[in-house]
Amino acid sequence: MASSKENLILGIESSCDETAAAVVADGRRILSSIVASQVEIHRKYGGVVPELASREHLRGIVPVVREALEQAGVKLPDLDAIAVTRGPGLIGSLLVGMTYGKVLAMALDKPLIGVNHLEGHVHAVLLESRAAGRDVALPAVCLIVSGGHTILYHVKSEGVNGAARFSYRRLGGTRDDAAGEAYDKVARMLALGYPGGPIMDPLAAHGNAKAVKFAEPKMKGNPFDFSFSGIKTAVLYQLKRSPALQSEIPARQQSLTKGERSVDALKALCSAATLDLIASFQRSVVDNLVNRTLEAAAQENVRTVLVSGGVAANGELRRTFEEAGKRRGLEVHFPSRALSTDNAAMIAAAGYPRFLLREFEDSMLNAEANLPLA
Ligand code: KG4
Ligand code: ZN
């Protein structure tokens, strides 16, 4: 239950394939966080199908918001504001959550806050640290790494009338695939199911990460840009060159078709060479992400690194960041697994500083598929 002095924000998120709503008190206490995942719907296509995503958001938005309110023990009139994701994301998906939030705010005569989804990912980390009573020291470098994004920001905040105003500067980003997208595409090539990350992460632990050498992506220009399409193609070449690796694929495909997609079931159908390939792929992706992020932190002279987004759930990524962070005397913060992937608690939390600064939207608020954060 919320105490009467706390400000309650309802967050709504529908930018990709999760319909989510949450109630967060004072930007730090999660009273509820409901996420309806569409993964089962998109699985057979090996990726998110935009038209299906919008349709599922339409189906889910009302019950998901209702459940978030019920679980929080909050009634609509108790809310102090409504924060909605306005971009970036799939336009048809964004429109569902944003329009619902807008109409709700108008009908209830509550303030409406438009939140950038990427700012939400930054606040997923800040929210949990705040809740744990250990505020993150800013400025920081933040890596947002998911199926849709791989991007580095410099994050700072300044006090304005007792509230914090956050500002962001883009340091670099992927020039082709997002890291999660590379996981998903490689998983598809190897018949490991969708999404690829959650299955390849535990499988990689059984392989030799030094078995296959992948060349560092050669890029001119910004040293903080990423590229993952080369490594994805390199995996494809490994596969094409090896009849033995290829010969395992039909059995895994069959297993997936039967719905047997557990780590153990798929591991039993992977040879040591396949596990080595998976481990080497993961090593290369993780090294790329960690090295560039730490170089950015050094250049920006910050002591704090934030890592957020679906791929932040990756065990190897966490371990590598933590060890490297310790060596360099950096604090590295991750969200819990639940807040790593898309959710609405992070949208409500990102809306809270804007609520205090009274940065509200009117009925002209629109969704933007390519909305930049900076
Ligand atoms: O943030 P998210 O739920 O959705 C967006 O893309 O915005 O991230 C999903 C992505 C997928 O590409 C999935 O393969 C990846 O995150 N992912 C992982 C892991 N868990 C999820 N990648 C690597 N290791 C993981 N443990
Ligand atoms: Zn996201």
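Structure above, values below:
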{"read-out": "Most mobile listed residue (125, 62, 136) in the chain, GNM with C-alpha springs under 10 Å", "value": "62"}
{"read-out": "Charge-dipole axis of the chain as Lys and Arg at +1 and Asp and Glu at -1 on Cβ define it, positive-most pick from 111, 77, 48", "value": "48"}
{"read-out": "Whole-Hz couplings from phi, Karplus 6.51/-1.76/1.60, listed for segment 339-348; x for Gly and Pro", "value": "8, 6, 7, 4, 7, 9, 4, 5, 6, 5"}
{"read-out": "Local net charge near residue 132, Cβ-Cβ under 14 Å (Lys/Arg +1, Asp/Glu -1)", "value": "+1"}
{"read-out": "Residue 298/residue 131 FRET efficiency (R0 35 Å; Cβ-Cβ; nearest 0.05)", "value": "0.75"}
{"read-out": "Prolate/oblate/rounded label for segment 60-184 (Cα gyration tensor, a/c 1.5)", "value": "oblate"}
{"read-out": "Gain upon complete extension [residue 260, residue 45; 0.36 nm per residue less C-alpha separation]", "value": "75.7 nm"}
{"read-out": "C-alpha center-to-center spacing [segment 205-282, segment 292-327] in angstrom", "value": "24"}
{"read-out": "Folded to 0 to 90 degrees: helix 315-328 orientation relative to the chain principal axis, Cα", "value": "80"}
{"read-out": "Flagged links, alpha-carbon separation over 20 Å, of 44/213; 5/110; 185/267; 220/326; 232/326", "value": "44/213; 220/326; 232/326"}
{"read-out": "DSSP-defined beta bridges in segment 5-138 - what % are antiparallel, rounded to 5", "value": "60"}
{"read-out": "Shape category assigned to segment 1-130 from the gyration tensor of Cα positions, a/c cut at 1.5", "value": "prolate"}
{"read-out": "Most to least packed among 177-190, 226-239 [average Cβ atoms within 10 Å]", "value": "177-190, 226-239"}
{"read-out": "Among 294, 275, 194 - extreme Cα towards positive end, dipole of the chain, charges at beta-carbon", "value": "275"}
{"read-out": "For segment 76-118 and segment 129-190, distance of Cα centres in Å", "value": "22"}
{"read-out": "Electrostatic dipole magnitude of the chain [Cβ: Lys, Arg +1; Asp, Glu -1; Cα centre; debye, to 20]", "value": "860"}
{"read-out": "Computed [θ] at 222 nm, deg cm²/dmol, the chain (DSSP H ≥ 4; -39,500 (n - 2.57); rounded to nearest 500)", "value": "-14500 deg cm²/dmol"}
{"read-out": "For the chain: relative contact order, % (alpha-carbon pairs under 8 angstrom, 6 or more apart)", "value": "26"}
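Every read-out reported here was derived from the displayed coordinates using simple, explicitly stated rules and does not represent laboratory data. A quick note: this is a predicted structure, and the numbers were derived from the prediction, not measured. Cβ sites come from the backbone with ideal geometry, for glycine too, and all protein chains shown count toward neighbours.
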